[in-house]
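Note sheet for the following structure.
The values are calculated or read from the model by the stated rules, or taken from the named source; none is laboratory data. Source: prediction; values computed, not measured. Cβ placement follows ideal geometry from the backbone for every residue including glycine, while neighbour counts extend to all protein chains displayed.
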Amino acid sequence: MKTALAIAGFDPSGWAGVLADIKTFEAFGVQGVAAISALTAQNRKDVMATQSVKAAFMKKEVNALTDGFRIDAVKIGMLGSAANVRAVAEIIKNKKFKNIVLDTVFCSTSGHALLDKKGIVEIKRLLPLVTLATPNIAEASVLSGIKIKNIKDMEDAALAINALGAKNVLVKGGHLPGEPIDILFDGRRIFHFKGKRIKAKKEVLHGTGCLLSSGIAACLAKGLGVRRAVKDARGYLMKELKKRG
Ligand code: PXL
């Protein structure tokens, strides 16, 4: 059985963070393990508080897992501090991890900051180390410096983030008006993934980025290519959202 590692925050409500990641890995038939980077106090509506784990402890969590598991893919989610972002870069280099999906988590769906400004600057240094980055519109705007208002801007941002080092970039368009489109740039070509907008309360969408990125990581662990992994993970996400709604 393949194994995927989530390095992410703990959301006790289970729809985001490592709980959601592990559930997703298992749904794809991949064994899930996790190193927690931050704790959060939250329910399905709101984040009340966050507390990042010390970088040295996070390294110990990963070291414990790599002594016993062969890691076939890594999903990186909320990191909580600039020190943790730097530690993850070190971990990836030391462990020579492959199939790395970086969900650039800056803010919760409810609007609570999950990474400070220094951390966001450090995230840029992680980009050259990852297989795929999955920013939403706001995150892609910050990373690329392009204020994204339409599909063309999304494509330009995907190219700009690829130029910062991410081999593949998936810019998620759900926060733009109209039918949602995600844009994948694989370093050579741009692909559009069209979806149907789900009419749901904001809280139902809590953790959708986690499900998508961990679904992609699970597919990469199984040996699928990035484009196919995005397609399958999107299918899984739609099925899960229908169950919630
Ligand atoms: O959905 C982003 C996210 C990621 N990780 C954790 C979270 C959240 C949103 O609340 O709590 C741990």
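Inside region 17-33, residues that are buried (at least 23 other Cβ atoms within 10 Å of the Cβ), within 13 Å of the ligand (Cβ to nearest atom) and at negative phi make up a count of 4. Just one of the listed residues (A55, A64, A89) is surrounded by 14 or more Cβ atoms within 10 Å (Cβ to Cβ), out of contact with any Ser or Thr (no Cβ under 8 Å at 6 or more places or on another chain), more than 20 Å from A16 (Cα to Cα) and not β-branched (V, I, T), namely A89.
Have a look at A217, A200 and point out the one that is within 16 Å of the ligand (Cβ to nearest atom), under 14 Å from the mean Cα position of the chain (by Cα) and in contact (Cβ under 8 Å) with a residue 40 or more places away in the chain. Just one listed residue meets the conditions, A217. Just to be sure before I move on: is L237 crowded, with 17+ Cβ neighbours inside 10 Å and either over 25 Å from K124 (Cα atoms) or at pLDDT below 95 (or both) in the structure I sent? It is true that L237 is crowded, with 17+ Cβ neighbours inside 10 Å and either over 25 Å from K124 (Cα atoms) or at pLDDT below 95 (or both). Name the residues in region 152-183 that are surrounded by fewer than 19 Cβ atoms within 10 Å (Cβ to Cβ) and of a type in the set (K, R), would you? Scanning region 152-183 gives K152, K167.
Here M1 fulfils each of the conditions (1) of a type in the set (A, V, I, L, M, F, W, C); (2) more than 11 Å from the ligand (Cβ to nearest atom); (3) surrounded by fewer than 22 Cβ atoms within 10 Å (Cβ to Cβ); (4) outside any loop (DSSP other than H, G, I, E, B) apart from (4). Restricting attention to region 92-120 and to residues that are within 16 Å of the ligand (Cβ to nearest atom) and β-branched (V, I, T), the residue that is surrounded by the fewest Cβ atoms within 10 Å (Cβ to Cβ) turns out to be I120.
Name the residues in region 67-86 that are surrounded by 15 or more Cβ atoms within 10 Å (Cβ to Cβ) and in a loop (DSSP other than H, G, I, E, B), would you? I71, D72, G77, M78, L79, G80, S81, listed by residue number.
Among the residues of region 87-106, those identified as within 12 Å of the chain's Cα centre (by Cα) and either on the phi > 0 side of the Ramachandran plot or not hydroxyl-bearing (S, T, Y) (or both) are I100, V101, L102, D103, V105, F106. Among the residues of region 121-151, just one is buried (at least 21 other Cβ atoms within 10 Å of the Cβ), hydroxyl-bearing (S, T, Y) and not in a helix (DSSP H, G or I), namely T134.
Here region 41-74 is the region considered, the condition is being among the hydroxyl-bearing types (S, T, Y) and touching a Leu at 6+ places or on another chain (Cβ under 8 Å), and the residue that is nearest to K201 (Cα to Cα) is T50.
Just one of (1) in contact with a helix residue (DSSP H, G or I) (Cβ under 9 Å, 6 or more places away or on another chain); (2) over 24 Å from A16 (Cβ atoms) fails for N150. It is (1).
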